[in-house]
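Q: Pasting a structure here, questions to come.
The values are calculated or read from the model by the stated rules, or taken from the named source; none is laboratory data. This structure is a prediction, so every number in the text was calculated from the model and none was measured. Backbone-built Cβ (ideal geometry, glycine too); neighbour counts: all protein chains shown. With ligands, DNA and RNA removed, areas are computed over all heavy atoms of the protein, side chains included. Shrake-Rupley method; radii C 1.70, N 1.55, O 1.52, S 1.80 Å.
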Amino acid sequence: MRGTLAQQASESAGLQAAIKAAQGAKSLAQALAKGGNDVLRSLDLSGNSLGPKLEPRAHLGALSALRALSLARNGLRRVDAIVVLAPTLRRVDLSGNMLASVPQALSELVALEDLDASGNAIANLRDCERLRPLARLATLRLSCNPVADEREYREFVLHCCGALVTFDAEPVIVTARRRAVARFGGGSDAPAE
């Protein structure tokens, strides 16, 4: 059970206030502008054909308490606007989109603990270096991307993401981490092409 009953009641009351504030809104943007966004913790926008680019930043910035965001299966090619959620976002699902690279914007989500970017078109192993600033990233899914077929894929990602506990739905074991350190050391040397 998450939180105390008092916390749950408070969150429920806050959510009811947010719903009431948003009633009558004709769009997501209008609903966000009406307020009550300091209580929204999780937002699932998966499967809504939002692509190719996530916009606008102003509306996402209104989600000041958001911890989890799913943008799965939206045909997105870019997610630059996600950076406005950097202070609070802990979980992001970008699976099943059309991302050709690991988005640079992700490197600013320093509170991120769980990232699913599986099933995209990410092909360059060096893009995984963009995940290096994410010191709290414990769970990462990049499977079903062309990059996952690279020979040094697993070791290089483990080299870039030192806090990973689970990678592509498999636990990170000590020997795998040792292999990554032996192959790439403590620096940021990219694999030979």
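Q: Could you pull out every residue, at least 5 positions away or on a different chain, whose amide H is within less than 5 Å of the one on Leu43? Hs are placed 1.01 Å off N in the peptide plane, and Pro or chain starts have none.
A: Close amide H contacts, sequence-distant or interchain: Ala68, Leu69, Ser70.
Q: Just to make sure I understand: if all protein chains stay in place, what is the order of Ile173, Ile82 by accessible area at 1.4 Å, largest first?
A: Details: Ile173 90, Ile82 0 Å².
The residues order as Ile173, Ile82, largest area first.
Q: Putting +1 on Lys and Arg Cβ atoms and -1 on Asp and Glu Cβ atoms, find which of Gly96, Ala86, Ala68 reaches farthest to the positive end of the dipole of region 61-121.
A: After comparing all options, I get Gly96.
Q: Under a 1.4 angstrom probe, counting protein chains only, how are Asp116, Asp80, Asp149 ranked by accessible area, largest first?
A: Working: Asp116 20, Asp80 45, Asp149 135 Å².
If we order Asp116, Asp80, Asp149 from most to least accessible, we get Asp149, Asp80, Asp116.
Q: Using 7 Å Cα-to-Cβ label points, what is the Ala65/Ala111 separation (nm, one decimal)?
A: Here the modelled spin labels are 1.2 nm apart.
Q: Next question, about the same structure. Tell me the carbon and sulfur percent of the accessible area for region 104-193, rounded to whole percent, probe radius 1.4 Å.
A: Numbers: 2240 of 4370 Å².
Reported share for carbon and sulfur atoms: 51 percent.
Q: Counting only the backbone N, which residues of region 70-90 are under 19 Å from the spot 7 Å out from the Cα of Ala123 toward its beta-carbon?
A: Under 19 Å, as judged by backbone N against the label point of Ala123, lie 75-79 of region 70-90.
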